[in-house]
1. Name the shape class, rounded, prolate or oblate, that the alpha-carbon gyration tensor gives for the range 457-514, where a ≥ b ≥ c are the square roots of its eigenvalues, rounded holds for a/c under 1.5, and otherwise prolate holds if a/b is larger than b/c and oblate otherwise.
2. Angle, helix 447-460 long axis vs. longest principal axis of the chain, Cα atoms, 0 to 90°, nearest 10?
3. So how compact is the chain: Cα radius of gyration and Dmax in angstrom?
4. Charges on Cβ only, +1 for Lys and Arg, -1 for Asp and Glu, centred on the Cα centroid of the chain; of Gly77, Trp312, Phe277, which one is farthest towards the dipole's positive end?
5. Count charges around Arg329 for me, please; just the other residues with Cβ under 15 Å from its Cβ, Lys/Arg as +1, Asp/Glu as -1.
6. Around Lys356, with a cut-off of 15 angstrom between Cβ atoms, what is the net charge of the other residues, counting Lys and Arg +1 and Asp and Glu -1?
7. Working from Cα positions, state the angle (0 to 90°, nearest 10) between the long axis of helix 344-357 and the longest principal axis of the chain.
8. Hey, if you put +1 on the Cβ of every Lys and Arg and -1 on every Asp and Glu Cβ in the chain, which of Val190, Ala460, Phe221 ends up farthest toward the positive end of that dipole?
Amino acid sequence: MSRKIRVRFAPSPTGGLHLGGVRTVLFNYLFAKKQGGEFIVRIEDTDQTRFVEGAEAYIFDTLAWCGIIPDESPLHGGPFAPYRQSERKAGYRQYAEQLVKDGYAYYAFDTPADLEAMRVEFKTAENPSPQYNQLIREKMRNSLTLSEAETKALLDAGTPHVIRIKMPLNETISFTDMIRGEVSFNTSQVDDKVLLKADGMPTYHLAVVVDDYLMKISHAFRGEEWLPSAPVHLLLWKWLGWQADMPEWAHLPLILKPDGNGKLSKRDGDRLGFPVFASDWTDPKTNETTIGFKQHGFLPEAFVNLLAMLGWNDGTDQEIFSIEELIQRFSMDRVHKGGAKFDYEKAKWYNHEWIKKSSAIELANAVSKIYADKGIAINDESLLLKMIDAVKDRCTLLNDFIQQGSFFFQMPESIDTAAIQPKWDEKKNQFFVELIRAYELSTLWETHDLEREFKELAAAHQLKPGELMLPLRIMLVGGKFGPGVFDIAAAIGKTATVHRIKLVTGILEQGART
Ligand code: GLU
């Protein structure tokens, strides 16, 4: 019988979500949905020293923004609850004890001072940071070096201790990664990781295996940085007798910095001026805010699309995909092995394409929110839609709607009269004075009416419309930009149009006289 597809995203709530983290979620999610399976979010919060207030809520907000709804999670519930590892604490010890009983793990009673002394004593030029491993464990205070009676006495006395995995010496273990194929490790390269801590909490290594087993996870896709942990997990699956149920693993390639080598970091974003987190994250300890794609003016559709294309394609030249299309087309065998270089210009290109592709109605909420944040109230919904339609092709980021369209709702913040002044003369002044009158009397206020009146008047004044259009544009929008000038006049209405022409003509005349 084939296995039910159940994939999980298992973040630790330690801070903002890096775009690599969201890509991991996305690939898990796309795979699950393509196969008609379930997508689970499990919060891996066993390391209390790294726990950060607000990080879990941030993760769920980010997923919701991206349109990724978990089937099971601490928020959504499910048959395998609880989905927070800290709430499952009591369940892990039995597995660690089982491993000790079977000879695959051991109790270690070393104090922090003992460990520090070990690091100093065994430090050599070739091995600057010695680890608790197959050779060193022989010299430490644990149930392998102590007698059974001594161990029992220590345990009975409640002596603080951890349980460590007993990594075999010089064995080769391997597994088949869905992206990398066969991957092998020599067990001597891995130290005796702690499985259960002195406070009774499991470490990530034990908890991830136990929960993937108990939650019947069929596939686990995670970042490449977890590959070195795979041998520990492989052995745990084997030694706990669950090997047949082990999920299929894929270790996703890193997202690389645009310049040079190495993983894209928050610092690269700060240095090069682009977001690296999904949405704004304020570190509760430092109060420092790291800007996110969302607040930087990205549409969630574009963010999801650009993440999917970091390391995957469908084998054609198509680059624009909705999440529904991604679900249909996604396959793990088209995920590249090599790291994907992040290119912010390309990221903006996706956003521009999505803004162009979206209708004014689809964009309305996001755009009016941006206006509200800037203190510009929009009371006229139909004017908002007109503005969006008129300027969206010129907007790369949502925030560009402010610069490109705020003159629809209020006087331009500044008016570049200097661009009109040098060619301003009495003839032009006369023309605009009459245009004001003509427009004031106009009963028709459609783009073509306004354009026709303007051109007829220009002809009567023996002026070329071309020479008058730029001044009119600057009067209405403040500068040399924006959509068709008569479209603008039609949209902002008679009062605003006439008012702005009057105002700027007055300023220019004042300038001409002084
Ligand atoms: N809790 C790990 C993290 O924070 C999950 C790694 C995994 O998926 O196994 O990324």
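1. Numbers: a/c = 1.61, a/b = 1.16, b/c = 1.39.
In terms of gyration-tensor shape, oblate.
2. 40 degrees
3. Expressed in Å, the Cα Rg and Dmax of the chain come to 32.1, 112.
4. Ranked along the dipole, the leading option is Trp312.
5. On the way: positive: Lys33, Lys34, Arg334; negative: Asp314, Asp317, Glu319, Glu324, Glu325, Asp333.
So the environment of Arg329 carries a net charge of -3.
6. On the way: positive: Lys348, Lys357, Lys392, Arg394; negative: Glu301, Glu319, Glu353, Glu362, Asp389, Asp393, Asp400.
Every neighbour counted, the sum reads -3.
7. Rounded to the nearest ten degrees, it is 60.
8. Checked the options; the winner is Ala460.
The values are calculated or read from the model by the stated rules, or taken from the named source; none is laboratory data. These numbers come from a predicted model, not from an experiment. Note that each Cβ is placed from the backbone with ideal geometry, even for glycine, and that neighbours are counted across all protein chains shown. Accessible surface areas use protein heavy atoms only, side chains included; no ligands, DNA or RNA. Shrake-Rupley method; radii C 1.70, N 1.55, O 1.52, S 1.80 Å.
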